[in-house]
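K.L.:
Sharing a structure here in structure tokens format.
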Amino acid sequence: MTVPQNTPAGRGAEGRDRLARALRDARADAGLSGVRAGRAAGMSQSKVSKIERGLLLPSVDDVAALCRVYGLEGDERAELVALAGDLREEASSRVIMARGVSQFQRRVAQLEADAARVRSFDPALVLGVLQTREYTRCIFDDPRDKVSVEEAEAAVDARQERHRALSEGRTRYELIMPEGALRWQVGSASIMAEQIEQIAAAASQGGTAVVGIIPWTTPVHVFPGHAFDLYDEDAVVVATETATATLTGAADIATYLELFEELKKLACFGDEAVGHLNRIAGEYRGLADS
């Protein structure tokens, strides 16, 4: 196994790839399958796989546990743990730059495709996997982001690929939004009417996608202030105004799993959700025609 040597802080994608490769090689050298390695380290096989493929950035504790399982000690263990620490520190303060939005959408698509179950919530916007092309284009046209026309269009294309996975992929999606997110008029009333109608179509199809709506008339007892996506029970991606963070700690994941279950209790699904969506779409149609 080759362990990264004396690499500077701020390693970015190269450092992440090197960490993933080093852990993959260490497992192979130890003669362990992903299932056995995960069980011994207290994590799932899918999490081990995502770490080794660079899809998830492991915590320092994750790397320390894997090093213990693989029998890595001394300088080898210290360097991998230090690399993980540097990458986590870098990721915690790193803003998704304008030139990287399409790449980020493709990475999210890969995470979704690799997960058996994706659970998502957004308090303010339509969830990305449900967005129409015009709605997404409005999001990426935000002048504050300074995204080039070419990069914005690439990001729109990448997000539309994610939408197609709702009907073509094997991943099960559980998608929840409050009515307030649908009342945030993005672009125009006609864009919103088409957007809501697309969500209603997804909600009525069943299959691998379950769409939940929390009506504005429903009293709530939880107050999530940001969007989040859970990938199986391996990771949660949290979105803020300026950046995203991938959390893989067991306590963090448990917190968001519990929050999502509370949100499910507030949401309506199936025909009831479609009824609310049709009502909202009709109001947007009336606004567009006025």
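Each reported figure results from applying straightforward, stated rules to the coordinates on display, with no laboratory input. Quick caveat, the model's predicted, so the values are computed rather than measured. Positions of Cβ are backbone-derived with ideal geometry, glycine not excepted, and every protein chain shown enters the neighbour counts.
K.L.:
Could you give the nm distance between label points at residue 289 and residue 252, where each point is 7 Å from its Cα heading toward the beta carbon?
P.N.:
Inter-label distance under the simple model: 4.9 nm.
K.L.:
What spacing in nm lies between the two simple spin-label points modelled at residue 39 and residue 208, each 7 Å away from Cα in the Cβ direction?
P.N.:
Label-label distance for residue 39 and residue 208, simple model: 2.8 nm.
K.L.:
When a/c reaches 1.5 or more, the comparison of a/b and b/c decides; with that in mind, is region 239-290 rounded, prolate or oblate per its Cα gyration tensor?
P.N.:
Oblate.
K.L.:
Can you check what the net charge comes to around residue 266, using other residues whose Cβ is under 13 Å from the Cβ of residue 266 (Lys, Arg +1; Asp, Glu -1)?
P.N.:
-2
K.L.:
Same structure again: When the Karplus curve 6.51 cos²θ - 1.76 cosθ + 1.60 is applied with θ = phi - 60°, which whole-Hz ³J(HN,Hα) does each residue of region 251-266 get, with x for Gly and Pro?
P.N.:
My calculation for region 251-266 gives 5, 4, 4, 4, 4, 6, 4, 5, 4, 5, 5, 5, 5, 4, 5, 8 Hz in order.
K.L.:
Karplus couplings for region 208-217 from phi (6.51 cos²θ - 1.76 cosθ + 1.60, θ = phi - 60°), rounded to Hz, Gly and Pro as x?
P.N.:
8, 10, 10, 10, x, 10, 9, x, 5, 7
K.L.:
Could you calculate the contour length gain from residue 124 to residue 188, that is, 0.36 nm times the residue separation minus the distance between their Cα atoms, to one decimal place in nm?
P.N.:
Answer, rounded to one decimal: 21.4 nm.
K.L.:
Here's something else I'd like to know. At what distance in angstrom do the alpha carbon centres of region 33-90 and region 191-215 lie from each other?
P.N.:
38 Å
K.L.:
Per-residue HN-Hα couplings for region 119-128, Karplus 6.51 cos²θ - 1.76 cosθ + 1.60 at θ = phi - 60°, whole Hz, x for Gly and Pro?
P.N.:
Karplus values, whole Hz, x for Gly and Pro: 10, 10, 9, 9, x, 10, 10, 5, 4, x.
K.L.:
Could you list 121, 228 so that the one with the fewest beta carbons within 10 Å of its beta carbon is first and the one with the most is last?
P.N.:
228, 121
K.L.:
So, one more: Take the alpha carbon atoms of the chain, find their radius of gyration, then divide it by 2.2 N^0.38 Å using N residues; give the quotient.
P.N.:
Relative to the rule-of-thumb radius for its length, the chain sits at 1.09.
K.L.:
If each DSSP helix of 4+ residues adds -39,500 (n - 2.57) and the sum is divided by the residues in the chain, what number results at 222 nm, nearest 500 deg cm²/dmol?
P.N.:
-18500 deg cm²/dmol
K.L.:
Hey, rough spin-label estimate for residue 226 and residue 30, points 7 angstrom out along Cα→Cβ, what's it come to in nanometres?
P.N.:
About 3.1 nm, to one decimal.
K.L.:
Would you mind ranking 248, 255 so that the residue whose beta carbon has the fewest other beta carbons within 10 Å leads the list?
P.N.:
Ascending number of Cβ neighbours within 10 Å: 255, 248.
K.L.:
Between residue 117 and residue 217, how high is the FRET efficiency from 1/(1 + (r/R0)^6) when r is the Cβ-Cβ distance and R₀ = 25 Å? Nearest 0.05.
P.N.:
About 0.30, to the nearest 0.05.
K.L.:
Let me ask something else. Starting from 0 in steps of 10 Å, tell me what percent of the Cα-Cα pairs of region 196-290 lands in each bin.
P.N.:
Pair shares across the bins are 14, 34, 36, 14, 2, 0.
K.L.:
Sticking with this one: Pull up all non-local amide H partners of residue 210: gap of 5 or more, or a different chain, and H-to-H distance under 5 Å with H placed in the peptide plane.
P.N.:
Answer set, sorted by chain and number: 173, 174, 175.
K.L.:
Okay, next question. Local charge sum around residue 238 (other residues, Cβ-Cβ under 10 Å, Lys/Arg +1, Asp/Glu -1)?
P.N.:
-2
K.L.:
Taking amide hydrogens as modeled 1.01 Å from N in the peptide plane, which residues meet the under 5 Å criterion relative to residue 244, leaving out close sequence neighbours?
P.N.:
Those lying under 5 Å, H to H, from residue 244 are 96.
K.L.:
Still on this structure, I have one more. Given Cα pairs under 8 Å that are at least 6 residues apart, what percent is the relative contact order of region 112-225?
P.N.:
Relative contact order of region 112-225: 36 percent.
K.L.:
May I pose another question? What list do you get for 136, 240 if you sort them by fewest beta carbons within 10 Å?
P.N.:
Ascending number of Cβ neighbours within 10 Å: 240, 136.
K.L.:
Quote to one decimal, in nm, the extra length available between residue 157 and residue 264 on full extension: 0.36 nm per residue of separation minus the C-alpha distance between them.
P.N.:
Full extension of this stretch gives 35.5 nm more.
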